[in-house]
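These notes concern the structure reproduced below.
Derivation of every value follows stated rules applied to the coordinates shown; laboratory data play no part. Small disclaimer: the values here were computed from a predicted structure and weren't measured. Using ideal geometry, Cβ is built from the backbone for each residue, glycine included, and neighbour counts are taken over all protein chains shown.
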Amino acid sequence: MPIKSVVLIAEAETDGNPSAAMDLAAVGDRLGQDQPVGVHWLVVGKHAAAAGEYLSESTGYPATALVVPPEKPLTGALLANLAKPVLADLRPEIIAFLHTSSAQDCVGPLAIALEAACITGVQGIIADGDQFIFQRAVFGGKWLTEIRAGDRPVVLTVLPGFFQWEDTKRQPGPLEIQQPSPSPQRIRLIEARASDCEAALGQAETVVAAGRGIGSQENLDLIHRLAACFPKSAVAGSRLVCDAGWLPYSRQVGVTGATVSPALYLACGISGAFQHLVGMSGSRFVAAINKDPDAAIFRAADVGVVEDLNTFLPLLIEALERNRSYTA
Amino acid sequence: MKILVCTKRVPDLETIPTPEIPPKSPADIFRDGLAWRMNRYDEYAVEAALQLRETTGASRIDALTVGEEDAEEVLRRAMGMGADHGVHILQTNDRLTSPFTIAGLMAAYARERAYDLILCGTMSEDLMQGLVGPIMAGMLGWPCLTSVHAFAQSERSQALVCEREIEGGCQEALEIDLPALLTIQSGSCQPRYPALSKLLRANTYPLEVFSEETLAPADARQRVVTVRPPEQRREGVRIEGSSESKAHQLAAMLRSKGLC
Ligand SMILES: Cc1cc2nc3c(=O)[nH]c(=O)nc-3n(C[C@H](O)[C@H](O)[C@H](O)COP(=O)(O)OP(=O)(O)OC[C@H]3O[C@@H](n4cnc5c(N)ncnc54)[C@H](O)[C@@H]3O)c2cc1C
Ligand SMILES: Nc1ncnc2c1ncn2[C@@H]1O[C@H](COP(=O)(O)O)[C@@H](O)[C@H]1O
């Protein structure tokens, strides 16, 4: 059986160990479970040399680092342009990115350039003879689809949190450092601003999160009263709640908002789209209230209650308050 | 400036059930009794096009959809919101069509028609790929930015300045040369609701209709082979009983775990 070649593409624009890329390393191992694969890192960005050294040493996979000059901030388009010649050289059957904003800019055009298939948001991989089938969620996480890419190479983006890296002792892989000089780009980064997510969200022991199922801004009062039943609590929301202006964006939990890992996450009227789950999957205990028994959030919760928030939250608040007066 | 907005008709997620037995054919998940509407992110894309026209006096906004006959609804809605013209690529759709096929049809339409800007939604709410726009940009050889929530004309001519939110709530401003393709993310400026009178008028406008064969379909490259319910990631114990009883059980459970 010919050995399949896999390239994992890691962005290295920020300093420090690229820990998120370990999810990709786990994808490399997952692909190698059922058939022999040759895995290679392509690390791109300002800090590619250090990141490439870390990744090749900790995973044992060889790495090519493309060190981008600091005056050329990495965009998805630049990433695609720099990756293209290296990929044309390595001719991989599988190219995997983490599901980041720049990856989403870059994978479609890259697939066209490489005449490849393209599957985003991959959360599972199954062997199918000498091919692979890739799993991804549809319908807000209510269903999984399984996709086959045929004989072409395939470009993937992989969701964080679905592939776990197992740290075993490995021989460090070789590292090659290149310093490309990017040509002028049709997309230019003008400004990058830091997140304004509220620090209180990260420190809270209980996060009570409102989704669009709360129905109106007035009903947020119930969410605040519910939060008041817990010490060290904070109120958060899904993106749709923040878009509606019911809560400020600084209180949004999810991929484009805050990441929280409280002892208790109470999801009220949240459907459970992966963009939201990414921000709260580290919570110790998750309770979900939703009127749709099929809502995806119930698969990501420790305990679930199928109820209408309008009637259920007042009852829950009462029960918690009674609870409290017993303990007091 | 000539703008093309791609709009898709999608089922309302709340009407999609999760039966325990996977359907015989993947496309069977689109069953009867679903409520359909315009993809929410595409409403934002139409709104963004209308606002650009209000500030820059763009010359024309066309709405484009690929789908079965009923998909016409989204073009009527886009025109009710203020788009000038509707284009329908008729497709006998199994609704799990490859993004390469959809993008190929739309790129075939857009090529040679001198658009300056193409807007898509950041993703379709049913298939959630975020791919049709970027693939189309690749096919046209245009630059592409995803998940943009606001943009305006740049001081440089033939360029836009785009704002977007990336991982962890960080923000970026980027400049992109035209012609370009943007995918539009939801944001604080809500899409306008078409007035009834405008909707009624839009129903009388002629649409430009193409069959997929006339646009030379592209290779699908990939295929959905199965659909199944996702796995439980956590235990997901259901609390049963009357509403009062559920509230008490939940409160008791949280207390027993020392969570309140
Ligand atoms: C690039 C990108 C980035 C994104 N980033 C984020 C992010 O950071 N954070 C985020 O949250 N989302 C994000 N999203 C959006 C995400 O995909 C979902 O659209 C969003 O999380 C859904 O919010 P929701 O669950 O509040 O609303 P919906 O999906 O509309 O769900 C509402 C839920 O409430 C339930 N419900 C309705 N009425 C009631 C009632 N009376 N009682 C009980 N339940 C009820 C419904 O059954 C439904 O399950 C992003 C999307 C994209 C494309
Ligand atoms: N059948 C279609 N007709 C028109 N536009 C579409 C269609 N499918 C996808 N799109 C556009 O592509 C975006 C992303 O879709 P997807 O790649 O499926 O997530 C949507 O928001 C639409 O703007």
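Find the Rg to Rh ratio for the range A:144-183, where Rh is the Kirkwood radius over alpha-carbon pairs and Rg uses the same atoms.
Rounded to two decimals, Rg/Rh equals 1.09.
Grab the other residues whose beta carbon is less than 11 angstrom from that of B:Ile16, score K and R as +1, D and E as -1, and report the net.
Spelling it out: positives minus negatives among the neighbours equals -4.
What is the mean number of Cβ atoms from other protein chains located within 10 Å of the Cβ atom of each residue in peptide A:297-310, rounded to a whole number?
Shielding by partners across A:297-310 averages 5.
Across peptide A:114-120, what mean number of C-beta atoms from other chains lies inside 10 Å of a residue's C-beta?
Per residue, the number of nearby Cβ atoms from other chains is 5 on average.
For A:Lys232, go through the lysines and keep the ones whose alpha-carbon is under 26 Å away, minus same-chain ones fewer than eight residues off.
B:Lys246, B:Lys257
Would you calculate a helix-derived [θ] at 222 nm for the protein assembly as shown, using -39,500 (n - 2.57) for each DSSP H run of n ≥ 4 and dividing by the full residue count, to the nearest 500? Walk me through the numbers on the way to the answer.
Values: 15 runs with 165 residues, N = 588.
That comes out to -8500 deg cm²/dmol.
Cα gyration tensor of the range B:71-199, axes a ≥ b ≥ c as square roots of the eigenvalues: rounded (a/c below 1.5), prolate (a/b > b/c) or oblate?
Numbers: a/c = 1.40, a/b = 1.22, b/c = 1.15.
Taking the square roots of the gyration eigenvalues as a ≥ b ≥ c, the range B:71-199 is rounded.
Antiparallel DSSP bridges in chain A: what percent, to the nearest 5?
Around 20 percent of the beta bridges assigned by DSSP in chain A are antiparallel ones.
For chain A, divide the Cα radius of gyration by the Kirkwood radius and give the resulting Rg/Rh value with two decimals.
On the way: Rg = 22.2 Å, Rh = 21.6 Å.
Taking Rg over the Kirkwood Rh, I get 1.03.
Please give the average number of partner chain Cβ atoms lying within 10 Å of the Cβ of each residue in A:189-195, rounded to a whole number.
The shielding value for this peptide is 6.
Among A:Val44, A:Val107, which comes first, second and so on when ranked by fewest other beta-carbon atoms within 10 Å?
Lowest count first: A:Val44, A:Val107.
Kindly flag which residue pairs out of A:Lys84/A:Lys169; A:Lys84/B:Lys8; A:Lys142/B:Lys24; A:Lys46/A:Lys84 have an alpha-carbon separation exceeding 21 Å in this structure.
Check vs 21 Å cut-off fails for A:Lys84/A:Lys169; A:Lys84/B:Lys8.
At a Förster radius of 51 Å, what calculated FRET efficiency corresponds to the Cβ-Cβ distance of A:Ser5 and B:Ala252, to the nearest 0.05?
Values: r = 55 Å, r/R0 = 1.09.
So, using R0 = 51 Å, E works out to roughly 0.40.
Could you tell me which GluC sites (Glu not before Pro) in the range B:1-44 are loop residues by DSSP with no more than 14 other beta carbons within 10 angstrom of their beta carbon?
Passing sites in the range B:1-44 are B:Glu20.
How big, on average over all directions, is the shadow cast by the Cα convex hull of the protein assembly as shown, in nm²?
Dividing the Cα hull surface by four gives the mean projection, 27.3 nm².
Based on alpha-carbon centroids, what's the gap between the range B:68-106 and the range A:56-96 in Å, whole number please?
36 Å
Can you give the longest run of chain A that contains no GluC sites (Glu not before Pro) sitting in a DSSP loop with at most 12 other Cβ atoms inside 10 Å? Working shown, then result.
On the way: sites that count: A:Glu71, A:Glu115, A:Glu166, A:Glu218.
Between the exposed loop sites, the longest stretch runs A:219-328.
Around A:Asp34, with a cut-off of 12 angstrom between Cβ atoms, what is the net charge of the other residues, counting Lys and Arg +1 and Asp and Glu -1?
Here the charged neighbours net out to -1.
Given the Cα-Cα distance of B:Ala152 and B:Ala173 and 0.36 nm per residue of separation, how much length would full extension add, in nm?
6.5 nm
Summing +1 for each Lys or Arg and -1 for each Asp or Glu, what net charge is found among the other residues whose Cβ lies under 14 Å from the Cβ of A:Glu11? Each step should come with its number before you reach the end.
Working: positive: A:Lys46, A:Lys72; negative: A:Glu13, A:Asp15, A:Asp23, A:Asp105, B:Glu167, B:Glu172.
Net charge in that neighbourhood comes out at -4.
Explain nothing, just the number: relative contact order of the range B:2-215, from Cα pairs under 8 Å at least 6 residues apart, as a whole percent.
Computed value for the range B:2-215: 26 percent relative contact order.
Counting only C-alpha contacts under 8 Å and six or more residues apart, can you give the relative contact order of chain A as a whole percent?
14 percent
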